[in-house]
Amino acid sequence: MNTKVLKTLEYDKIIERLAAYATCESGRLRCQGLLPVNSIEEIRIMQEETACAFDRLIKYGDVSASGTTDLRPSLARLELGSSLSIEEILAVASLLEVAKRVEAYGKKAEEEDKLSFYFDGLSPEVAILNEIRRCIIDEETIADDASVALFDIRKGMQRTNEKIKSVMNAMLNNSTTRGYLMEPVVTLRQGRYCLPVRSDYKSRVPGMVHDQSATGSTFFIEPMQAVDLNNELRELQVREGDEIEKILANISNRIAEKAEGIIRNFQLLTEIDFILSKGRYAVALNGVNPEFNTDGIINLRGARHPLLDPKKVVATDIKLGEDYNLLLVTGPNTGGKTVSLKTCGLLTLMAQAGLHIPTKDRSQVAVFDDVYADIGDEQSIEQSLSTFSSHMVNIVHILEAIDSGKYSTETEDILEKTKVDLHASKVIKGTNNAGYVPQFLILIDELCAGTDPKEGAALAQSILDRLHKLDVRIMATTHYSELKVYALSTDGVENASCEFSMESLSPTYRLVIGVPGKSNAFAISSKLGIPQDLIEDAKDRLSENDKSFEDLMVDLEQKRHEVEEDAAKAAADLAEAERKLADATARENKIKTQREEIIREAHREAADILQEAKDLADETIRDFNKFGKGQGNISAMEAKRQALGKGINKSKAKAKEEEKARVNTNAPTDVKVGDKVKVLSMNVMGQVVTRPNSKGDVTVQMGIMKSVVNLKDLVLVDEDDKFVPKKGTRVKNMSYGGFNKAATISPEINLLGCTVDEAISKLEKYLDDAYISHLQSVRVVHGKGTGALREGVRNYLRKQKNVAEFHQAEFGEGDAGVTIVTFR
C-alpha cells in the first residue's frame, strides 16, 4: 500500500493517538510501525486480538507494561563472556517483574482467547528475579549479605573505620594538636582520612601530605598514626570491589542461561502492550469490529471521523460497491463532502490495520490492495505545479498504478522490519498471486477543479468513466453539473449530496445517497452579506438550462423529503395497526382462556354433584331393600331424610346469598355510545357501541369481539387501566384483568450475571410482556464482558417476528453493553 495516502488521509495522526496509549517504549515503537495489510485472514486475526483486548479491559481493567526494556544488546554481550553492569541487571529485574505482573493479569480470564497465547508464553524467571532483588538494593548499592565474603569484608571495613575515627578524635581532642589545625574536623582526601593543618605548623604534625588549599594556607595531612589503618581500609575497599565483580558475574551467568526466555518475555510484553494499546484506543473511540469482505463492498453505518470531537461530529452512512462502484458527492463548500471522503478512506485503513472503527454494529469494510487519494492543494512553486497540475500528476499516478495491475509493497517491507514474529500465523502473506485481480479504492476531491469549467467537466467525466470501467471503487466530490447528469444516466454510478438546510442556511453534514446536491452559492453568499441586487443579477446571468437543472435538483430534494415523511408515516401507521392487532389477539386469547376455564370448572362441579347424588341414591336404595326384608330401621331412615332436607335447604340458602352478593349495585342506569365499561361476567374491558334497548341490553366491543350485555352486568370506568366508577358509585379492586401491565412493566431488563440460557429465558417472557403492554422500545442490559451474552441475546432477537430492529446503544448511553430493541 502506498505510503502517501497514509499522510493524505491523516492515518499518521491515528498512529500518534494509538502510540499514546502504549505503556512502554517498545510498545510505542510497535504502534508507530503499524500499517494496513491486505490479507483478509491476517486482518481478521488482528481484529480478533483487538476485540479480545477490548473485552479484557472492560472486564478485568488495565495492566501496565512500564519497565519493559529492550535488553537484546546487553544480553548479546553475555555470549562473549562479558558481565552486566548493576544498571543492566536491574533492568533485567524490572523486565521480569513486568512479566510476572502481566502474567498474573492474563490468568484472570476464565476462558482462552486470542491473547492467551501471549500471556501463557511469559516466564517471569522468579528465581533470578529474587536473587537480583536479594543482592542489589539500588543502582549504587550491593547488599551486605550478597555473599559471605562481602559480608566479612564490610565488617572489617567497619571496624577499621572505627579505629581511624578513634585515632583522629584523639588528635582532635589534644589541645596541642588542636592549635595546629585550621579547624577541628576530619576530611577525606584521595580516599584517605586527613586533618586540615595550618601551613606554618605542618612540620609539627608528622604524616603524609595529600593536598593543600588553593591559597596554600592549609595542608591536608594524613597523621602517621592513621597511615597503617588507612592502608588497611584501602586494601579492604579493593577486596570489596573484586567481590562485587564476582557477585555481578555470578548473576550475569544465571541471566545468560535464561537469556532466550528473557528475550522472549520482552517480545511478548511488547506485543501484549501493542495489542492492549489497540484495545484502549477502541474503548476510547467506542469502536467496533466490522465485517470484512473481498467483494469491494463498503457499508459504514453511523460512521464518525475518529479525529473530530466525538461530542460534535455528525455520524453518517456511507455505502459503496454493492449496487454501484462510483459515488459522486456534491453539495456546498464546508458542507462535509471532504470529511465524508476522508472518513471512508481513513476507516478503511484503520480496519485493515486491525483497529476498531467508530461505526455502528454490522458495518462492512472491503479489503483493498491499495488506496489512493487526491485530496487537498499540492501546488508547488519549486516544481512549477499549479493546483490543477498537481492534481493531474496525482491522477496520472493513480491511472498508471491501476492500469498496471500492481500495488505498492512498501507497507509489507516496513512491517517486516517492525513486527515481532511470534508464531506461524503472524507471518504476513501477500495476495498479489497469479490470476488475482487487485482491489483498489480511489478517493478524489474536486476532480479537475482549477481550470476552465467546461474542459474540466469533460476531462473529469472521461477520467471517472475510465476508472468506472476498470471496476475499481471510486468516491469523488465535485461541483460540476455535467457530472451530476453523468451519474443520473450511467449504470453503476450514483449521486450523493451533503444535506443543506435552507431554513438555517447551514449544512447538516449528513450524507444523502441517491440525490445530487446543490452548491447553494447564492444562499450562502446572501447569508454572508453579499448585497441582494448582486445575487439577483447573478441569477439572471444563469442560462435557462442551468436554471432548469437547478430547479430539478430542488424538486428532487423536496420529493425526497416528502417520500421520507410518507415512508415514516406509513411505517408508524403499520406499526400502530400491528400493535392494535396484537393487542386484540391477546385479549381474544385471554377471553377464550377464561371461558374455557369457567366451563371446565362448571363440568368439575357438575360431576361432583352427580357423583354425590348417585352415592346418596345408592345408599337410599340399599336402605329400602333392607327395610323390605324387615331388617331396616325406620327411625334411622327418617333421620337421614330429615338431614338430607336440611342440607338441601342450607344449599339453597347459600345459593340465594351468593346470588344476592353477585347483584351489581354499581350498574349504570344508562350509557352512551363510546362509554368505557367493564363486563363483570367476563372480567374484561370494552366500549359501548349501541344504546340500551327496552330490556336494558347494549352491544359492547371487547377487542375484536362484540357481545350483547345487560346493563346489570356492566360498570362504568374511567380511561385509566384501573376502573374508577362514575356517578358516585364505588368499586373495589377492579383492575383491567391482565391488561394493566403497561403500568408496571419496566422499559429495561437487566441480564447481568446470567448465563446465555438463563438470559434468553428471562428475555423471552419480558419481551412478551413488553409487547403486549404496547411499549415501543426497550433496553436490554447485557454488559460487554466477553461478548458471549451480547451475541446470544442478539441471535435470539434476530429470530423474533415482533422485533422490528435492534441496535447498540449510542455513546454515553451504555454503548456495547446495551441493546435497544424496537417492536413492530
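A few remarks follow.
- Measuring nothing but protein heavy atoms, the accessible surface of the range 19-165 at 1.4 Å probe radius is 50 percent carbon and sulfur.
- Rounded to whole numbers, the Karplus 3J(HN,Hα) couplings from phi for the range 575-586 are 5, 5, 5, 5, 5, 5, 5, 5, 5, 5, 4, 5 Hz, using 6.51 cos²θ - 1.76 cosθ + 1.60 with θ = phi - 60°, and x at Gly and Pro.
- Across the range 73-80, rounded Karplus estimates of 3J(HN,Hα) from the backbone phi angles (6.51 cos²θ - 1.76 cosθ + 1.60, θ = phi - 60°) give x, 5, 5, 5, 5, 5, 5, 8 Hz, Gly and Pro being marked x.
- Cβ-placed point charges (K, R +1; D, E -1), dipole of the range 1-158 about Cα centre in debye, nearest 20: 360 debye
- Where GluC sites (Glu not before Pro) fall in DSSP loop in the range 49-121, at most 15 other Cβ within 10 Å: Glu79, Glu110, Glu111, Glu112
- Loop sites in the range 266-361: trypsin sites (Lys or Arg not before Pro), DSSP, at most 16 other Cβ within 10 Å: Lys311, Lys312
- Distance violations [Cα-Cα > 30 Å] among Lys712/Lys765; Lys7/Lys337; Lys672/Lys765; Lys59/Lys762; Lys7/Lys311: Lys712/Lys765; Lys672/Lys765
The values are calculated or read from the model by the stated rules, or taken from the named source; none is laboratory data. Remember, predicted model here, so these are calculated numbers, not experimental data. Note that each Cβ is placed from the backbone with ideal geometry, even for glycine, and that neighbours are counted across all protein chains shown. Heads up: the accessible areas ignore ligands, DNA and RNA and are worked out on the full protein's heavy atoms, side chains in. Shrake-Rupley method; radii C 1.70, N 1.55, O 1.52, S 1.80 Å.
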